[in-house]
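Participant: Let me begin by handing over the structure; questions about it come next.
All of the numbers you see were taken from the coordinates with simple rules; none came from a lab. None of these values were measured; they are calculated from a predicted model. As a convention, Cβ positions derive from the backbone with ideal geometry for all residues, glycine included, and neighbour counts pool all protein chains shown.
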Amino acid sequence: MRLVQVVKMSGTGNDFLMVDNWDGKFSEADLPKLTKHASARRVSAGADGAIFLEKAKAPGHDYKMRIVNADGSEAEMCGNGSRCIAVFANQLGRAGLKQVIETLAGTLHAEVAEDGRSAKVQLSQPNSMELKEGVDVLGEKADLYFINTGVPHAVQFVKDVAAVDVKQRGAALRYHEVFKPKGTNANFVQLLGGNAIKLRTYERGVEDETLACGTGATAAAICTALAHGYSAPVKVHVASGDVLTIHFSPEKAKKTSSRPFLEGAVRTVYKGEYYWE
């Protein structure tokens, strides 16, 4: 049995187990095993995944973020996770209020509020945006936007997100042949007017609906601006009831050359020891 020091954090509903791996005490093989063991709901600590803070390998960075999904797969990055680790790194004294983060998706820039209750992160440059028209999803034709905001996202506009079976429809999109081989996250967006939208997201790796998704909120906001003329910043109401604010340039977004900012609350839920058997 190993005792693991963990901090549970929630980024507007995305919950993570934060682990300081600065000295490399957890090996490469440990990361997926520990995450799968600890992330299980009801029988373990429970989380959408674990985030490991490590020494940066790239010069000019404060630290490296490693995010492992609940199923043990490693993600390129995570919007809400990057906001959580920014607060976590500041709590540990590994970085100040303004930070430069190394991820598999590139360099992120973060800024932590002085009270430590929120953080703003500049995400990687969106790319690969395209409209896929008339895609067959569970026997129905759907127009889907696809964009990579650090990780791949499909976006479908619907009249009422409450009426969507997110687990069934999300899984159908996540594994759809048009998104092979890596698959995609699936986002369902309802227009609210006033530059606000409501969002529900199915996340690959978690393989279920999550209460929030930062890169999904960013993808949804940019697609909404391009498809429906919304202006930035866009307020994204996520399933947790919280609101994420997405800052970007709609003009530059047409060429996906604008690096958006994701802003929202971060809550430290608890600090403790996890028994890993």
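Participant: List the aspartates and glutamates whose Cα sits under 15 Å from the Cα of Lys98, skipping any in the same chain fewer than 8 residues away.
Facilitator: Asp62, Glu111, Glu114, Asp115, Glu263
Participant: Now, a different point. Please rank Ile101, Ile246, fewest neighbouring Cβ atoms within 10 Å first, as an exposure proxy.
Facilitator: Ile101, Ile246
Participant: Oh, and also: Give the order of Met77, Met9, Met1 when sorted by the count of other beta carbons within 10 angstrom, beginning with the fewest.
Facilitator: Met1, Met77, Met9
Participant: State the antiparallel share, in %, of DSSP beta bridges confined to the chain, rounding to the nearest 5.
Facilitator: The antiparallel fraction comes to roughly 80 percent.
Participant: Straight-line reach from Lys198: which lysines fall under 21 Å, measuring Cα to Cα and dropping same-chain residues less than 8 apart?
Facilitator: The reachable lysines, counting only those whose Cα sits under 21 Å from Lys198, are Lys120, Lys159, Lys167, Lys235.
Participant: Still on this structure: In whole Hz, with x marking every Gly and Pro, tabulate ³J(HN,Hα) for region 63-70 from phi via Karplus 6.51 cos²θ - 1.76 cosθ + 1.60, θ = phi - 60°.
Facilitator: Those phi angles translate into 6, 10, 9, 10, 10, 10, 5, 4 Hz.
Participant: As a test of the formula, what do you get for the chain when each DSSP H run with n ≥ 4 contributes -39,500 (n - 2.57) and the sum is divided by the residue count, at 222 nm and rounded to the nearest 500 deg cm²/dmol?
Facilitator: Taken over the chain, the calculation gives -5500 deg cm²/dmol.
Participant: Okay, moving on. What are the equivalent ellipsoid semi-axes of the chain, built from the alpha-carbon gyration tensor (square roots of five times its eigenvalues), in whole angstrom, biggest first?
Facilitator: Taking √(5λ) for each eigenvalue gives 30, 21, 16 Å, largest first.
Participant: Place a +1 charge on the Cβ of each Lys and Arg in the chain and a -1 charge on the Cβ of each Asp and Glu, then give the dipole magnitude about the Cα centre in debye, rounded to the nearest 20.
Facilitator: The dipole of the chain has a size of about 240 debye.
Participant: Would you please give the residues with an amide H less than 5 Å from that of Arg94, counting only those at least 5 places away or on a separate chain, with H modeled from the backbone geometry?
Facilitator: Hits under the 5 Å cutoff: none.
Participant: Largest first and to the nearest Å, give the Cα extent of region 127-258 along each principal axis.
Facilitator: Computed over the Cα atoms, the extents are 33, 31, 25 Å.
Participant: Show which aspartates and glutamates lie in cross-link reach of Lys55 when reach means a straight Cα distance below 12 angstrom and same-chain residues fewer than eight apart are skipped.
Facilitator: Answer for Lys55, where 12 Å is the Cα cut-off: Asp20, Asp23, Glu102, listed by chain and number.
Participant: Which three extents, in angstrom, do the Cα atoms of region 1-85 have along their principal axes, listed largest first?
Facilitator: 41, 32, 21 Å, listed from the longest principal axis down.
Participant: To the nearest 20 debye, what is the magnitude of the charge dipole of region 121-277 about its Cα centre, counting +1 on the Cβ of each Lys and Arg and -1 on the Cβ of each Asp and Glu?
Facilitator: It comes to approximately 420 debye.
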